[in-house]
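So the structure is just underneath, and the comments pick up after that.
The values are calculated or read from the model by the stated rules, or taken from the named source; none is laboratory data. What you are looking at is a predicted structure, and each value in this text was computed from that prediction instead of being measured. A quick note on method: Cβ atoms are made from the backbone with ideal geometry, for glycine too, and the neighbour counts reach across all protein chains shown.
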Amino acid sequence: MLIKITDLWKIYPMGNIEIQALKGVNLEITEGDFVSIAGPSGSGKTTLLNIIGLIDSFSQGSLVINDIQIKNQGREELARLRREFIGFIFQSFNLLPVLNVFENVELPLIISKKGGSKVQRRERVNYLLEEVGLSDRMKHLPAELSGGQQQRVAIARALVTSPRIVIADEPTGNLDSDTGEKVLKLMKKINAAEKTTFVFSTHDPKIWNIADHVIFLHDGNIESEERQ
């Protein structure tokens with residue numbers, strides 16, 4: 001099991017009261033899963049994604065990723081696990097405006113020191129830009145691209161270090177429905193080709209049927225699960 005969550009709680013203190021964002025969540029995600037976390041705003045989708053992505057801590061319970069018990073890890077070890085295991089696709093793209101497409105995708109390889117030689121880095125970046133259909137835009141700056149193209153760059157950047165898990169919080173939220181559907185189909189294609197586990201959130205029912213595994217959250221609880 002790649003990800004195992006047991007009786008997971010996230011509680012935010014707000015003055016004299018506590019906000020229970022997650023309430024005893026139990027969840028298992030296998031390697032190569034394409035998982036949609038669905039539910040209305042405020043259901044706990046982003047909180048759960050941030051905990052799985054090791055961005056946020058949890059209050060009670062257990063999170064195990066790749067047989068590593070997360071609660072026992074210090075800050076430096078969590079940072080290492082994020083670098084080695086997890087890629088992120090953000091709704092707002094988060095591309096660096098002064099770097100061109102190729103440089104934006106290559107940057108995680110340089111930072112993580114996982115890319116090998118310059119030639120090996122170039123081959124990996126070129127391969128992914130070809131996969132996302134942007135090999136002819138690699139010298140363009142983000143401002144010269146459409147929203148859908150920027151999101152495809154963000155997908156390539158998330159995948160460039162060959163992470164085991166990719167976390168995507170509302171990855172189509174800033175795209176029109178047609179472009180958003182194309183982006184998700186691209187993620188599904190790469191999921192099959194690279195065997196990468198995708199965990200993404202959405203509140204759009206039209207997108208749920210593209211996932212292998214749909215988790216419905218409501219008020220911090222898993223209301224139901226479906227496997228396609």
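Quick one: is Ile5 at pLDDT below 95, of a type outside the set (Lys, Arg) and assigned to a strand (DSSP E or B)?
No; evaluated as a whole, the condition is false for this residue.
How many residues are touching a residue at least 60 places away in the same chain (Cβ under 8 Å) and crowded, with 17+ Cβ neighbours inside 10 Å if we restrict to the stretch 84-124?
9
If we scan the stretch 168-182, do we find a residue that is among the hydrophobic types (A, V, I, L, M, F, W, C), closer than 17 Å to Leu49 by Cα and touching a strand residue (DSSP E or B) at 6+ places or on another chain (Cβ under 8 Å)?
Yes - at least one qualifying residue is present in the stretch 168-182.
What residue, of Gly74, Gly116, Gly133, is small (Gly, Ala, Ser) and touching a helix residue (DSSP H, G or I) at 6+ places or on another chain (Cβ under 7 Å)?
The conditions single out Gly133.
Can you name the residue in the stretch 191-213 that is among the charged types (D, E, K, R) and free of Cβ contacts under 8 Å to residues at least 60 places away in the same chain and is also surrounded by the fewest Cβ atoms within 10 Å (Cβ to Cβ) among such residues?
The selected residue is Lys206.
Mind listing whichever residues of the stretch 100-128 are hydroxyl-bearing (Ser, Thr, Tyr) and within 19 Å of the chain's Cα centre (by Cα)?
Within the stretch 100-128, just Ser112 meets the criteria.
Say whether the condition of being within 26 Å of Thr202 (Cα to Cα), among the small types (Gly, Ala, Ser) and assigned to a strand (DSSP E or B) is met by at least one residue in the stretch 91-102.
The answer is no, given that none of the residues of the stretch 91-102 is within 26 Å of Thr202 (Cα to Cα), among the small types (Gly, Ala, Ser) and assigned to a strand (DSSP E or B).
Return yes when Phe58 is surrounded by 15 or more Cβ atoms within 10 Å (Cβ to Cβ), assigned to a loop (DSSP other than H, G, I, E, B) and touching a strand residue (DSSP E or B) at 6+ places or on another chain (Cβ under 6 Å) and no when it is not.
Yes; evaluated as a whole, the condition is true for this residue.
Identify all residues within the stretch 125-136 that are surrounded by 20 or more Cβ atoms within 10 Å (Cβ to Cβ) and assigned to a helix (DSSP H, G or I); write none if there are none.
Listed by number, the residues that qualify are Val125, Leu128, Leu129.
Scan the stretch 162-190 for residues that are among the polar types (S, T, N, Q) and surrounded by fewer than 20 Cβ atoms within 10 Å (Cβ to Cβ) and jot them down.
The answer is Ser162, Asn174, Ser177, Thr179.
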